[in-house]
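Visitor: I'd like to ask you about the structure that follows.
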Amino acid sequence: MDPFFAGRWYWSLKRWISERCLQRALDGHGDLSMQTRRATERYRRADFAVRYWRSAPGPVMQVAAKALDAGIPVDAVRLVVLNTDLRVRDGQVHLRRSFFMTVLNTVFASIIVVHMFLMCAMTVALTGPIWLKVVVILAVAFVYCFLYYGWSLYTSRPQHALSKYGQTFDALCTASTTRSHNKVRNLASH
């Protein structure tokens, strides 16, 4: 259900459109043209978005690829990319950690549990056959669990992934900003 709640279908459609545009650019302009380069970049971003459920800037894409190489599960990387917890600020990738989100997640989860309990209590208090009450309570529980699962994709599950793999992401973000400089060769002397 994660791909549905994350909107992977949207990114799959965008990748399909980008693939068609890339093919038209290749057919019309060749593989060395600027149109083909732009179409290739759009396709690369759409392909990344299908894999990680959201498009991202180039430096974030690099950190996500390095996170997989570092042994972080793809589901955790998807959650971090989906929730834009990796952000580019001043040309550097930073991991966003918000205490406010933790508090907000707890409050919203409490509201959902209380509301579900009240709906079930209201069903029990109504008159009617017991089998109907059981069916309504099961339906209410199913709807709330389904919605909570989708809601947790954007709230509690990314927080859990950050608590488990946050140090590795921080190290990858720091490593991505400290690049080694290549030597510049003087081409005029050759």
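Visitor: State which residue pairs qualify: first residue closer than 9 Å to LEU79 by Cβ and open to solvent by less than 60 Å² (accessible area, probe 1.4 Å) and inside segment 149-160, second residue outside any helix (DSSP H, G or I) and modelled with pLDDT of 80 or more in any location, beta carbons under 8 Å apart, and separation of 6 or more residues or different chains.
Guide: Here the result reads PRO158/ASN83, each pair linking segment 149-160 to a residue that is outside any helix (DSSP H, G or I) and modelled with pLDDT of 80 or more.
Visitor: Output the residues belonging to segment 19-57 that are crowded, with 19+ Cβ neighbours inside 10 Å and more than 20 Å from the chain's Cα centre (by Cα).
Guide: Listed by number, the residues that qualify are LEU22, ALA25, THR36, ALA39.
Visitor: What residue, of ASP85, ASP2, is farther than 21 Å from GLN167 by Cα and either in contact (Cβ under 8 Å) with a residue 60 or more places away in the chain or touching a His at 6+ places or on another chain (Cβ under 9 Å) (or both)?
Guide: Matching residue, one of ASP85, ASP2: ASP2.
Visitor: Take the residues of segment 12-35 that are of a type in the set (Ser, Thr, Tyr) and at pLDDT 85 or above: which is farthest from LEU95 (Cα to Cα)?
Guide: SER18
Visitor: Another question about this same structure. Pick from ALA188, ALA175: which is open to solvent by 50 Å² or more (accessible area, probe 1.4 Å), of a type in the set (A, V, I, L, M) and either at pLDDT 85 or above or out of contact with any helix residue (DSSP H, G or I) (no Cβ under 8 Å at 6 or more places or on another chain) (or both)?
Guide: ALA188
Visitor: Filter segment 104-134 down to the residues that are under 21 Å from TYR149 (Cβ atoms) and among the β-branched types (Val, Ile, Thr), then identify the one that is least open to solvent (accessible area, probe 1.4 Å).
Guide: Once the filter is applied, the top-ranked residue is ILE112.
Visitor: Could you list, in sequence order, the residues of segment 68-107 that are modelled with pLDDT of 85 or more, small (Gly, Ala, Ser) and over 14 Å from the mean Cα position of the chain (by Cα)?
Guide: If the condition is that a residue be modelled with pLDDT of 85 or more, small (Gly, Ala, Ser) and over 14 Å from the mean Cα position of the chain (by Cα), then ALA70, GLY71 are the ones that fit.
The values are calculated or read from the model by the stated rules, or taken from the named source; none is laboratory data. Everything numeric in this text was worked out from a predicted model, so none of it was measured. Backbone-built Cβ (ideal geometry, glycine too); neighbour counts: all protein chains shown. When the accessible area is computed, the model is the full protein with side chains, heavy atoms only, and any ligands, DNA or RNA have been set aside. Shrake-Rupley method; radii C 1.70, N 1.55, O 1.52, S 1.80 Å.
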